[in-house]
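Single-structure report; data block below.
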């Protein structure tokens with residue numbers, strides 16, 4: 001099993017490579033969660049936010065990360081889980097959870 005890792009909501013790609021301002025991170029995160037919430041009406045979705053303290057954690061950018069998290073936290077359908085929690089949940093959704101473990105073991 002693989003948990004998503006994003007380049008679209010990744011501060012290295014957006015700030016260090018593409019040279020966007022911090023507010024671009026906030027805007028993308030909000031736009032992404034809005035779309036994923038719509039998509040999740042049919043099946044579950046996972047959203048990863050990739051953050052490095054030396055980029056988005058600096059004082060002049062931190063507010064944008066905080067604003068994105070505050071927006072996401074206000075959505076009642078959202079849960080914050082570790083990779084292990086996502087995996088455990090996935091196993092409860094599988095028709096044959098043992099098959100998933102066997103595939104991982106190979």
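The values are calculated or read from the model by the stated rules, or taken from the named source; none is laboratory data. Model, not experiment: these values are computed from the prediction. All Cβ positions, glycine included, derive from the backbone under ideal geometry; neighbour counts span all protein chains shown.
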Practice problem: Scan region 42-58 for residues that are farther than 17 Å from residue 72 by Cα and without any contact (Cβ under 8 Å) to a residue 24 or more places away in the chain and report the count. | Solution: 6
Practice problem: May I ask you to say which residue of 34, 27 is part of a helix (DSSP H, G or I) and closer than 21 Å to residue 79 by Cβ? | Solution: 34
Exercise. Out of 95, 44, report the one residue that is assigned to a loop (DSSP other than H, G, I, E, B), more than 14 Å from the chain's Cα centre (by Cα) and at pLDDT below 90.
Key: 95
Quiz item: Condition test on residue 26, is it touching a residue at least 24 places away in the same chain (Cβ under 8 Å) and either in contact with a helix residue (DSSP H, G or I) (Cβ under 7 Å, 6 or more places away or on another chain) or under 21 Å from residue 87 (Cα atoms) (or both)?
Solution: yes
